[in-house]
Amino acid sequence: MTTFTLVDLETIVAARAAADPDQSWTAKLAAAGMPKAAKKLGEEAVETVIAATSQGRAELVNETADLLYHLLVVLKIADIPLDQVMAELERRTAQSGLAEKAGRSAE
């Protein structure tokens with residue numbers, strides 16, 4: 001099992017986003033702005049769905065890696081730290097999804 005984490009990737013994305021766009025894909029993508037980065041994220045999401053539904057395990061692993069990377073680039077451009085997303089996930093998982101949904105329909 002690897003010790004590499006999404007926090008590690010977030011750190012790398014931040015460092016590379018500050019690099020010369022001629023030397024770094026991350027910097028080039030960040031310099032292009034949110035519309036370009038969000039479009040790329042969407043493309044990777046579609047490719048991940050295709051891999052999940054009609055390709056093999058290796059393709060799904062590769063596309064998921066691309067998806068997570070591009071998601072972290074979008075979060076970097078939006079100045080949203082991964083910790084903020086993780087806190088939201090923690091809040092949501094404090095109860096089951098079914099209980100949370102039932103609570104919404106009771107309002």
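Selection of first residues in the range 83-107 that are under 30 Å from residue 11 (Cα atoms) and of second residues that are at pLDDT below 90, restricted to Cβ pairs under 9 Å at least 6 apart or on distinct chains, gives the following pairs, ordered by first then second residue: 92/100; 94/100. Is it fair to say residue 6 is among the hydrophobic types (A, V, I, L, M, F, W, C), out of contact with any Lys or Arg (no Cβ under 9 Å at 6 or more places or on another chain), in contact (Cβ under 8 Å) with a residue 12 or more places away in the chain and on the phi < 0 side of the Ramachandran plot? Taking the combined requirement at face value, the residue satisfies it. On the stretch given as the range 41-58, residues that are within 20 Å of residue 74 (Cβ to Cβ) and of a type outside the set (A, V, I, L, M, F, W, C) total 5. Taken over the range 10-58, the residue count meeting the criterion of being within 20 Å of residue 81 (Cβ to Cβ), touching a helix residue (DSSP H, G or I) at 6+ places or on another chain (Cβ under 8 Å) and of a type outside the set (A, V, I, L, M) is 4. The requirement of being in contact (Cβ under 8 Å) with a residue 12 or more places away in the chain and in a helix (DSSP H, G or I) is satisfied by residue 74.
The values are calculated or read from the model by the stated rules, or taken from the named source; none is laboratory data. Computed from a predicted structure; not experimentally measured. For neighbour counting, all protein chains shown are included, and Cβ atoms are generated from backbone atoms with ideal geometry for every residue, glycine included.
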